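Participant: Have a look at this one.
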Amino acid sequence: MYPQLEIDLNKLRQNAREVISRCERYGIAVCGVVKGYWSDPVLAKTYLDAGAKQLGTSRLSQIRRMREAGLETEYLLLRVPQMCELDDVAALADMSLQSDRSTLQALNHACEKQDKVHKVIVMADLGDLREGFWDKDEMVDTCVFVDRSLHNLHLSGIGVNLGCYGAIQPTPEKMTDLLNIAKRIESRIGRPLELISGGATSTFTLVHWNTIPAGINHLRIGEGVSLAYDLPYIWGIKDMDYLHRDAFTLKAQVVEVRTKPSHPQGKFCIDAFGDLPTYEDRGMRKRALCAIGRADAGVVEKLAPRMKGIEVLGGSSDHLILDIEDCPRTLMPGDVLEFDICYANIVNLTVSPDVEKVYVDGERDV
């Protein structure tokens with residue numbers, strides 16, 4: 001049945017091995033981030049098969065799902081936890097990212113009730129303006145407080161996020177700033193921190209370019225393994241061909257083919273999503289509709305047709321609209337088209353109950 005998301009487990013596994021092996025050369029441990037595909041245990045296992053010792057996700061329900069599937073590893077909660085879920089954080093996660101002193105105190109109490117010791121990575125904000133301490137004196141004092149006073153928490157290290165909100169690029173200078181904060185903390189607590197977590201897929205660029213400063217020993221990588229799209233296509237890194245970019249294939253079926261005007265006809269109002277889009281008048285053009293839409297794939301404009309001569313025009317909740325005027329093949333209803341996807345698509349496609357998931361491992365169905 002279609003639409004269908006086909007996942008090549010062998011290519012995912014190879015991508016994970018390539019990333020992990022390159023990081024290991026610099027003494028960097030990789031947390032396999034699996035939230036992009038809702039922590040599907042079948043896919044998460046490819047990280048463990050490739051040698052990852054830790055899996056990370058942003059939602060506790062996904063950690064529970066992986067534990068129930070029998071994936072035995074250390075779990076890192078990536079989103080700073082809410083006060084209302086701290087009992088579950090203590091019960092389900094081994095480690096979490098933290099950026100608030102009061103949350104740390106409450107988490108310590110939750111762990112005390114369960115007779116558990118929970119590891120924490122305290123986050124610094126180095127300019128991307130998402131989570132993390134902006135005042136570094138406050139951050140250092142908080143880390144000292146955790147180490148000395150919160151006995152059911154273990155201060156494993158510090159970390160940073162770059163690129164996810166503010167689009168700030170990880171650089172050697174940003175990593176050096178993080179290392180300098182770590183030195184201040186280590187001087188106060190009298191021991192080395194185990195983890196200096198330098199960020200996510202975007203920081204893997206520094207590994208690739210051999211510019212990662214010594215001392216950064218932990219990265220949280222997801223998209224760079226699963227899709228390998230951002231760095232080659234958006235960053236324009238041309239020599240990253242050791243990563244497969246087609247581990248995920250979206251297949252959608254054509255339901256209509258007709259020649260129509262390229263500019264909508266009549267008085268404009270708004271579309272189904274409350275927007276007022278603009279259109280280029282290119283005259284009469286042949287177009288195709290596929291049975292997949294924003295409700296399934298999110299930002300459909302980011303879908304990339306693999307067949308030459310096909311252009312994504314847009315879509316509604318349930319339809320994908322394609323310009324096929326320059327397509328060399330004569331398309332008909334029932335034909336199946338293949339698309340490459342990006343992160344904006346995968347988070348929707350993998351959770352949609354109406355998109356069939358097909359796992360393959362080489363030539364063998366799983």
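The values are calculated or read from the model by the stated rules, or taken from the named source; none is laboratory data. What you see is a predicted model; the values in this text were computed from it and never measured. All Cβ positions, even for glycine, are placed from backbone atoms using ideal geometry, and neighbour counts span all protein chains on display.
Participant: For region 83-126, which residues satisfy the criterion of being among the β-branched types (Val, Ile, Thr) and crowded, with 19+ Cβ neighbours inside 10 Å?
Facilitator: Initially, region 83-126 is screened for residues among the β-branched types (Val, Ile, Thr), giving 89, 103, 117, 120-122.
Within region 83-126, 89, 120, 121, 122 qualify.
Participant: Looking at 193, 155, which is the one that is part of a loop (DSSP other than H, G, I, E, B) and within 23 Å of residue 90 (Cβ to Cβ)? Walk me through it before giving the result.
Facilitator: Details: 155 fails: part of a loop (DSSP other than H, G, I, E, B).
None of the others qualify; the one that does is 193.
Participant: Continuing with the same structure: Of all residues in region 259-291, which are surrounded by 12 or more Cβ atoms within 10 Å (Cβ to Cβ) and in contact with a Gly (Cβ under 8 Å, 6 or more places away or on another chain)?
Facilitator: Matches in region 259-291: 261, 262.
Participant: Checking the conditions here, which among 274, 163, 215, 199 is at positive phi, among the small types (Gly, Ala, Ser) and in the same structural domain as residue 307 (by TED's automatic domain parsing)? First the steps, then the outcome.
Facilitator: Numbers: 163 fails: in the same structural domain as residue 307 (by TED's automatic domain parsing); 215 fails: in the same structural domain as residue 307 (by TED's automatic domain parsing); 199 fails: in the same structural domain as residue 307 (by TED's automatic domain parsing).
The unique qualifying residue is 274.
Participant: Would it be correct to say that residue 211 is surrounded by 18 or more Cβ atoms within 10 Å (Cβ to Cβ), free of Cβ contacts under 8 Å to residues at least 60 places away in the same chain and either of a type outside the set (D, E, K, R) or in a loop (DSSP other than H, G, I, E, B) (or both)? Outline the logic, then answer.
Facilitator: Working: surrounded by 18 or more Cβ atoms within 10 Å (Cβ to Cβ): no; free of Cβ contacts under 8 Å to residues at least 60 places away in the same chain: yes; either of a type outside the set (D, E, K, R) or in a loop (DSSP other than H, G, I, E, B) (or both): yes.
In short, no.
Participant: Still on this structure: Which of the residues that make up region 308-366 are closer than 21 Å to residue 225 by Cα, surrounded by 15 or more Cβ atoms within 10 Å (Cβ to Cβ) and not hydrophobic (A, V, I, L, M, F, W, C)?
Facilitator: 338, 340, 343, 345, 348, 350, 357, 359, 361
Participant: What number of residues within region 203-216 are more than 20 Å from the chain's Cα centre (by Cα) and of a type in the set (S, T, N, Q)? I'd like the intermediate steps shown before the answer.
Facilitator: Of the residues in region 203-216, the ones more than 20 Å from the chain's Cα centre (by Cα) are 209-216.
Of the ones still in play, those that are also of a type in the set (S, T, N, Q) are 210-211.
Within region 203-216, residues that are more than 20 Å from the chain's Cα centre (by Cα) and of a type in the set (S, T, N, Q) number 2.
Participant: Of the conditions (1) touching a residue at least 40 places away in the same chain (Cβ under 8 Å); (2) more than 22 Å from the chain's Cα centre (by Cα); (3) not in a helix (DSSP H, G or I), residue 128 clears all except one; give me its number.
Facilitator: In the conditions (1) touching a residue at least 40 places away in the same chain (Cβ under 8 Å); (2) more than 22 Å from the chain's Cα centre (by Cα); (3) not in a helix (DSSP H, G or I), residue 128 misses (2) alone.
Participant: Is it true that some residue in region 131-141 is within 21 Å of the chain's Cα centre (by Cα) and in contact (Cβ under 8 Å) with a residue 24 or more places away in the chain?
Facilitator: If we filter region 131-141 for residues that are within 21 Å of the chain's Cα centre (by Cα), which is where we start, we get 131-132.
Next, only the ones that are in contact (Cβ under 8 Å) with a residue 24 or more places away in the chain stay: 131-132.
Within region 131-141 (the criterion being within 21 Å of the chain's Cα centre (by Cα) and in contact (Cβ under 8 Å) with a residue 24 or more places away in the chain), the answer is yes, since at least one residue qualifies.
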